[in-house]
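The values are calculated or read from the model by the stated rules, or taken from the named source; none is laboratory data. Remember, predicted model here, so these are calculated numbers, not experimental data. Ideal geometry is used to build each Cβ from the backbone, glycine not excepted, and the neighbour counts take in all protein chains shown. Please note that ligands, DNA and RNA were not included when accessible areas were found on the heavy atoms of the full protein model with its side chains. Shrake-Rupley method; radii C 1.70, N 1.55, O 1.52, S 1.80 Å.
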Amino acid sequence: MRLQIRNATVELGAETILEHVNFEIHDREKIAVVGRNGCGKTTLLKLIAGDIEPANPPGDESFSMIMAGGQQVGFLRQINFTDREICVGDEIRKVFRPVYACEQRMLEIETSLTVLPGDSEEARRLLEEYASLQKKYDAMGGHEIEREMQVMFRQFGFAEEDLNRPIGTFSGGQQTKVAFIKLLLSKPDILLLDEPTNHLDLPAIEWLEGYLRSYRNAVVVVSHDRVFLDNVVSVTYEIEYHQIKRYAGNYSAFVRQKEEALLKQEKDYEAQQKEIRRLREWIEKWKNTPTKVSAAHSKERAIEHMVLIEKPRRFDTTTFRAHFSPRISSYSEVLDVRNLSIGYDHELSRLSFRLMRGERLAVVGENGKGKSTLLKTLIGEIAPLGGTYKIGTNVEIGYYDQQKAVINDEDPEQTILDNFWDTYPKLTNEEVRSTLGAFAFSQEEVEKKLGQLSGGEKVRLALCKMFYTRPNLLILDEPTNHMDILGKESLEKMLRSYDGTVLFVSHDRYFINQIATDVLTIGEESGGRAYPENGKDPAASAGRLSATGSGKIPAAGSGRLSATGSGKPPAAGSGKTPGTDSDKKTASNPGKIRSRLEHKIEKLHQQLAEAEQSAEVLNQKISDPALSTDYEKLMELQGRLDQAEAAQEEILMQILEIEEELKALEAGM
């Protein structure tokens with residue numbers, strides 16, 4: 001046991017944040033703390049770190065907070081590098097001072113042993129000290145510290161030469177990463193992490209997952225990244241209604257257990273209430289009958305001695321439930337990007353792709369490759385360095401910028417109501433309140449000042465203002481940053497029901513999997529990568545494409561797209577990749593075209609039969625009573641079934657398209 005907290009209460013001012021807290025950390029446990037924004041997750045980390053004190057009164061024997069002796073707690077607090085001229089490498093190496101001290105003492109002993117007789121008492125004492133230091137040096141990983149520092153530094157998006165730059169030349173976000181690297185390299189016994197994946201790109205997040213899984217000590221993490229939690233943690237604590245409860249397993253296991261417990265509690269509660277009603281009806285009916293008085297009293301005592309089951313409270317799911325349709329519909333081709341060079345003073349990436357109406361394209365890649373720069377270029381905020389892009393007819397853009405949403409120069413004393421009203425001054429008070437209400441700003445909350453808003457509330461306000469214009473192309477830069485999990489789920493549901501087109505940047509793999517119909521990877525020559533559900537990486541499912549380095553743009557209307565690092569785009573306005581001579585010969589022979597289409601449709605029918613058979617087999621497996629409690633297997637089978645059904649839909653669409661082509665061909669013959 002590293003830490004045990006019993007019946008702790010935490011207050012901030014006059015407000016109770018946490019009460020009756022029971023929390024434990026064992027050995028190498030990897031623990032998640034989840035809950036709504038503002039529920040007290042960071043407060044719990046501060047309690048563990050010793051930054052705040054519990055509010056239990058003196059002499060409260062029910063309270064205890066016990067930490068095993070010698071435990072080092074690591075927590076990333078406010079960044080404050082006092083020496084801005086020190087190079088980053090030397091700043092990071094400060095965490096290795098115990099290693100360097102051990103190494104220095106070993107060198108001193110080696111020097112002393114060269115002048116001492118080998119059989120002297122002093123030599124034997126020094127040899128014993130040296131052996132002890134050697135064990136300590138090995139335990140601290142003394143031989144690997146430089147290599148580990150360099151690997152971690154690169155994984156966080158820095159170049160190796162950056163180790164020699166003064167810390168003051170780095171941005172605030174980069175300095176936060178440096179502090180995070182120092183924290184990880186210090187290897188505390190209890191590592192406390194508050195939203196560690198914020199502002200990390202996907203490769204860095206995946207590396208961090210592997211690092212934490214193999215971390216030799218305990219980890220307590222607060223995160224809204226569902227895939228990250230599933231891949232790292234083995235215990236989940238949830239904070240809800242000021243209470244905290246422990247669940248065995250990762251985030252997905254917690255969700256299942258909570259729903260199962262809730263359903264059981266609802267069932268038990270209804271059964272008990274039904275029994276109480278039955279007893280009361282019996283008592284009411286017979287209480288005045290002399291021969292039944294004794295039995296009536298007995299039943300009254302039975303009710304009094306019941307351990308009443310609390311009426312279950314459903315998940316705290318208060319969040320926005322807005323649904324908007326575009327004001328007008330765009331033409332089929334929404335965006336045509338050809339050999340576009342993006343960057344400021346130098347090229348970050350060059351790419352070509354086509355975006356069609358109704359598609360939802362996720363843009364992913366390493367930090368610094370130009371994801372946000374691409375979005376700013378497409379809205380005209382940054383001029384392209386080369387190439388072209390064309391926005392389709394009737395396209396109306398709604399743009400969400402995470403930086404402007406959370407860090408803005410608006411009046412902090414202005415209320416939410418007035419801020420929205422200033423943006424849309426022609427609306428009535430009722431219309432403004434109704435629109436804000438759709439994004440979970442209640443009657444009282446609309447009077448909150450902008451300076452009092454959390455990051456998640458600022459995001460909701462920015463999205464509310466953007467969606468009110470009812471655009472048909474959403475360009476979103478990290479829309480889920482600062483959102484809690486329920487907020488993300490609400491946005492996912494909203495975007496899935498949205499019948500416009502979406503182009504978005506995100507590092508949230510779960511969000512990408514739920515929303516994206518295609519994935520565009522910037523800065524990856526070997527081809528893109530789709531991130532499927534729960535972070536697993538089977539072949540991309542039907543209807544979802546990775547970006548490729550092929551340099552080809554598919555035919556217009558195909559619903560496919562490619563990112564390229566080179567490659568020549570097709571001729572402007574052609575909508576097709578240039579054809580070969582054999583294509584021209586086939587095009588001039590309707591008989592051959594019909595034969596080719598009939599052959600293709602025959603193959604598609606075969607593929608459809610195979611997909612239907614695969615779906616039937618999976619349905620039978622899911623219905624197997626032997627698997628009724630094997631939730632992980634059932635989830636895996638359901639995922640495969642979803643893919644098989646998606647494949648059927650894709651094949652059916654292709655068959656319908658070919659049948660239309662055959663009809664058109666026959667009409668023209």
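Some values worked out for this structure:
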| item | result |
| --- | --- |
| Nonlocal amide H pairs with Leu476, under 5 Å, H built at 1.01 Å | Tyr400, Leu503, Phe504, Val505 |
| Distant-in-sequence amide H partners of Asp201 (H built 1.01 Å from N, under 5 Å) | Asn367 |
| Selected from Leu279, Gly50, Met483, residue furthest toward positive end of dipole (the chain; charges at beta carbon) | Leu279 |
| Aspartates and glutamates with Cα under 15 Å of Lys292, excluding same-chain neighbours fewer than 8 positions away | Glu281, Glu284, Glu300 |
| Descending principal axes extents, the stretch 1-99, alpha-carbon based, whole Å | 48, 30, 27 |
| Test item: Cα-centred dipole of the stretch 29-104, Lys/Arg +1 and Asp/Glu -1 on Cβ, debye | 300 |
| Whole-Hz ³J(HN,Hα) from phi, Karplus 6.51 cos²θ - 1.76 cosθ + 1.60, for the stretch 192-197, glycine and proline x | 9, 10, 10, 6, x, 8 |
| Debye, to nearest 20: dipole size of the stretch 71-182, +1 on Lys, Arg Cβ, -1 on Asp, Glu Cβ | 620 |
| Mean Cα-pair separation over length for the chain, i.e. relative contact order, pairs under 8 Å, 6 or more apart, % | 12 |
| Distant-in-sequence amide H partners of Val235 (H built 1.01 Å from N, under 5 Å) | Lys30, Ala32, Gly249 |
| Cα extents of the chain along the three principal axes, largest first (Å) | 108, 100, 60 |
| Hits among lysines - C-alpha to C-alpha of Lys135 under 19 Å, sequence gap 8 or more where chains match | Lys187 |
| HN-Hα J in Hz across the stretch 95-104 - Karplus 6.51, -1.76, 1.60, θ = phi - 60°, x for Gly and Pro | 6, 9, 4, x, 5, 5, 5, 5, 5, 5 |
| Protection proxy ranking, peptides 104-110, 243-249, average beta carbon neighbours within 10 Å, highest first | 243-249, 104-110 |
| Among Phe170, Ile66, Ile515 - extreme Cα towards positive end, dipole of the chain, charges at beta-carbon | Ile515 |
| Set Lys311/Lys448; Lys371/Lys465; Lys41/Lys621; Lys30/Lys376; Lys46/Lys404; Lys177/Lys488 screened for pairs whose C-alpha atoms are more than 31 Å apart | Lys311/Lys448; Lys41/Lys621; Lys30/Lys376 |
| Relative packing of peptides 387-397, 601-611, 287-297 - highest average C-beta neighbours within 10 Å first | 387-397, 601-611, 287-297 |
| Partners for Lys287 among lysines (Cα-Cα distance below 22 Å; same-chain residues under 8 apart left out) | Lys274, Lys299 |
| MRE, 222 nm, helices only [DSSP H, n ≥ 4, -39500 (n - 2.57), over the chain, to nearest 500] | -14000 deg cm²/dmol |
| Size of charge dipole - the chain - debye, nearest 20, with Cβ of Lys, Arg +1 and Asp, Glu -1, no other charges | 1480 |
| Dipole-positive endmost among Val222, Met653, Ala248 within the chain (Cβ charges, Cα centre) | Met653 |
| Carbon/sulfur fraction of accessible area - the stretch 121-246, other protein chains in place, 1.4 Å, % | 50 |
| The stretch 276-288 - phi-based ³J(HN,Hα) in whole Hz, Karplus 6.51/-1.76/1.60, Gly and Pro as x | 4, 4, 5, 5, 5, 5, 5, 4, 4, 6, 10, 5, 9 |
| Per residue, in Å², the accessible surface of the chain once ligands and nucleic acids are set aside, probe 1.4 Å | 52 |
